[in-house]
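Please treat every number below as a calculation from the coordinates, not as lab data. For clarity, every value in this text was computed on a predicted model and none was experimentally measured. Don't worry about glycine lacking a Cβ; one is built from the backbone with ideal geometry, like all the others, and counts go over all protein chains shown.
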Ligand SMILES: Cc1cc2nc3c(=O)[nH]c(=O)nc-3n(C[C@H](O)[C@H](O)[C@H](O)COP(=O)(O)O)c2cc1C
């Protein structure tokens, strides 16, 4: 069983990946937040840093692309392959309205015929290029009726892996993952399958592994942000001490500060991380409030000190 870190735009950028891998080694792959596809490869300064191989050494990073222009997507895939990336992931799961209204991300799942056309053109353009293409998908956009058609479409293409987040696009992140629908994908897809959704503990992992023994991988996003040691433990390692988690939290703040050249901006990133990481602490409300209230790096640092040294 392989364990992946989910892409999370705004959080799991390279400062996170480098710090997490250094302090909690063992994650098999880190999927990168999406790059939006343009007709020609066009990258912002932030995106250039994100995919720079120098910023992604020591672990496996998989770039992800989002868009419905197959010609552009093929150009991105070839560009990324030339940078040294062996796998490119297609985002068919982003539920944001600005994305789905343009028939991108989860919006592509509304029309299996159009999605098939997109994939057909993409794979035709990449024929002979030796690029592994994986897919990250939801079970549909607004209805489950498309599941059989989506499975038929997916089984036409040589994806190296299909990662399934069993919610509809319209569910956003609400409700529980739809395991009955996941069952159907798991049974019918011809590709290696990865499960993604609401994995928070090693118990959650054990349940999935025992229900789906042929699963290739498990991907975790918010669960890993809440407990950075989750994958280490899933692989049989020891739980981390609070001291180690404190060092990781401080290193991550430093890494974001270096990247953004601004401790204030980095503090905002860290506050977002704390919305997940607070789950590690019991009765932490008052301490988390102090972290969120902090208006300066000094106030932030002392609030972080307080949570680690007052709570267990
Ligand atoms: C803030 C945030 C940003 C996300 N960014 C991306 C992204 O760039 N690409 C993607 O495929 N999924 C993205 N996702 C979805 C996650 O990768 C994952 O599928 C989802 O959170 C469910 O898994 P989890 O329950 O383990 O978190 C994002 C989710 C969140 C909450």
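At a glance:
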item: Share of alpha-carbon pairs per 5 Å distance bin for region 2-234, given as whole %; result: 1, 7, 15, 20, 21, 18, 12, 6, 1
item: Choice from 38, 216, 283 showing the highest fluctuation, given a GNM over the chain with Cα pairs closer than 10 Å; result: 283
item: Residues 229, 160, 194, sorted so that the one with the fewest Cβ neighbours within 10 Å comes first; result: 160, 229, 194
item: Fluctuation leader among 114, 267, 23 - the chain, Gaussian network, Cα springs under 10 angstrom; result: 114
item: Fewest-first ranking of 142, 29, using other Cβ atoms within 10 Å as the exposure measure; result: 142, 29
item: Region 53-181: Rg to Rh, with Rh as the Kirkwood radius over Cα pairs; result: 0.97
item: Region 242-310: radius of gyration and largest Cα-Cα distance (Dmax), Å; result: 11.1, 34
item: Size descriptor, Kirkwood hydrodynamic radius, that averages inverse alpha-carbon separations across region 1-56, Å; result: 12.2
item: Choice from 53, 177, 213 with maximal GNM fluctuation in the chain (Cα, 10 Å cutoff); result: 213
item: Alpha carbon centroid spacing (whole Å) that separates region 1-23 from region 215-241; result: 11
item: For 36, 101, order by how many other beta-carbon atoms lie within 10 Å, fewest first; result: 101, 36
item: Estimated [θ] at 222 nm from DSSP helical runs (n ≥ 4, -39500 (n - 2.57)) normalised by residues in the chain, nearest 500; result: -13500 deg cm²/dmol
item: Fraction in percent of alpha-carbon pairs per bin - 10 Å, region 39-109; result: 19, 47, 30, 4
item: Per residue convex hull volume, Cα atoms of region 134-195, in Å³; result: 71
